[in-house]
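J.: Right, I'll just put the structure down here and ask away after.
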Amino acid sequence: QVQLVESGGGLVQAGGSLRLSCAASGTIFSMNAMGWYRQAPGKERELVARFTTGDFTDYADSVKGRFTISRDNAKNTVYLQMNSLKPEDPGVYYCAGRLGSINYWGQGTQVTVSS
């Protein structure tokens, strides 16, 4: 059983930065497709950033150049550095990963951007 716990969300002014962390209870080295998703009120959950095969990264067009996903396998943690936050970035940010055929999700962390 893997547990993913997000932290680092909060309230920030537009143009500001936040760094989200996702700590896994087990090793993330063998997990696939680890990434970050977000869900704004009234909208579907959408991909923000993720690692793909070969540890390449994939970003939503709306965050390219502003957000950076990274990982520290020794700490079993995945990060999302969010810079130049915009009013359209708020939502609950979820960490996710797959181990075998099972997808795991964290409980989410709220990000709010004030204009």
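The values are calculated or read from the model by the stated rules, or taken from the named source; none is laboratory data. Quick caveat, the model's predicted, so the values are computed rather than measured. Counting neighbours? That spans all protein chains shown, and the Cβs are built from the backbone with ideal geometry, glycine included. Just so you know, the surface numbers come from the protein's heavy atoms only, side chains and all, with ligands and any DNA or RNA stripped out. Shrake-Rupley method; radii C 1.70, N 1.55, O 1.52, S 1.80 Å.
J.: When all alpha-carbon pairs of region 1-42 are counted, what percent fall beyond 13 Å?
T.: When all Cα pairs of region 1-42 are counted, 67 percent exceed 13 Å.
J.: For residue 22, what is the net charge nearby, where nearby means another residue's Cβ is under 15 Å from its Cβ and Lys, Arg count +1, Asp, Glu -1? Intermediate results must be reported in sequence, preceding the final value.
T.: On the way: positive: 19, 38, 50, 71, 75, 98; negative: 6, 72.
Surrounding charge for residue 22 is +4.
J.: Right, here's the next one. Hey, got a sec? Which GluC sites (Glu not before Pro) in region 1-95 land in a DSSP loop and have at most 14 other Cβ atoms within 10 Å?
T.: Passing sites in region 1-95 are 44, 88.
J.: Probe radius 1.4 Å, ligands and nucleic acids ignored: give me the carbon and sulfur share of the accessible area of region 55-114 as a rounded percent. Please report the intermediate quantities before stating the final value.
T.: Values: 1460 of 3020 Å².
It is 48 percent, rounded to a whole number.
J.: Give me the dipole magnitude in Debye, nearest 20, for the chain about the Cα centre, with unit charges on the beta carbon: positive for Lys and Arg, negative for Asp and Glu.
T.: Result for the chain is approximately 80 debye, rounded to the nearest 20.
J.: Only Cα pairs within less than 10 Å get springs; with that Gaussian network setup on the chain, which residue of 100, 35, 15 has the largest fluctuation?
T.: Top of the fluctuation ranking is 100.
J.: Let me know the volume per residue of the alpha-carbon convex hull for region 1-91, in Å³.
T.: It comes to 104 Å³ per residue, whole-number rounded.
J.: In whole Hz and in residue order, list the ³J(HN,Hα) couplings for region 91-104 that follow from phi through the Karplus curve 6.51 cos²θ - 1.76 cosθ + 1.60, θ = phi - 60°; x for Gly and Pro.
T.: Computed from phi, the couplings for region 91-104 are x, 8, 9, 10, 9, 8, x, 10, 10, x, 9, 9, 8, 10 Hz.
J.: Stretched out fully, how many nm does the piece from residue 17 to residue 29 gain, at 0.36 nm a residue minus the Cα gap?
T.: Stretched out fully, the residue 17 to residue 29 stretch lengthens by 1.6 nm.
J.: Then there is this: PRE reach from residue 60 (point 7 Å along Cα→Cβ): which of region 26-50 fall under 13 Å by backbone N?
T.: 36-50
J.: Next up: Have a look at 69, 28, 102 and tell me which one the Gaussian network model of the chain (Cα, springs below 10 Å) gives the largest fluctuation.
T.: Greatest mean-square fluctuation among the candidates belongs to 102.
J.: Please find, in a Gaussian network model of the chain (springs between Cα atoms separated by less than 10 Å), the residue of 12, 78, 48 whose mean-square fluctuation is greatest.
T.: The residue with the greatest mean-square fluctuation here is 12.
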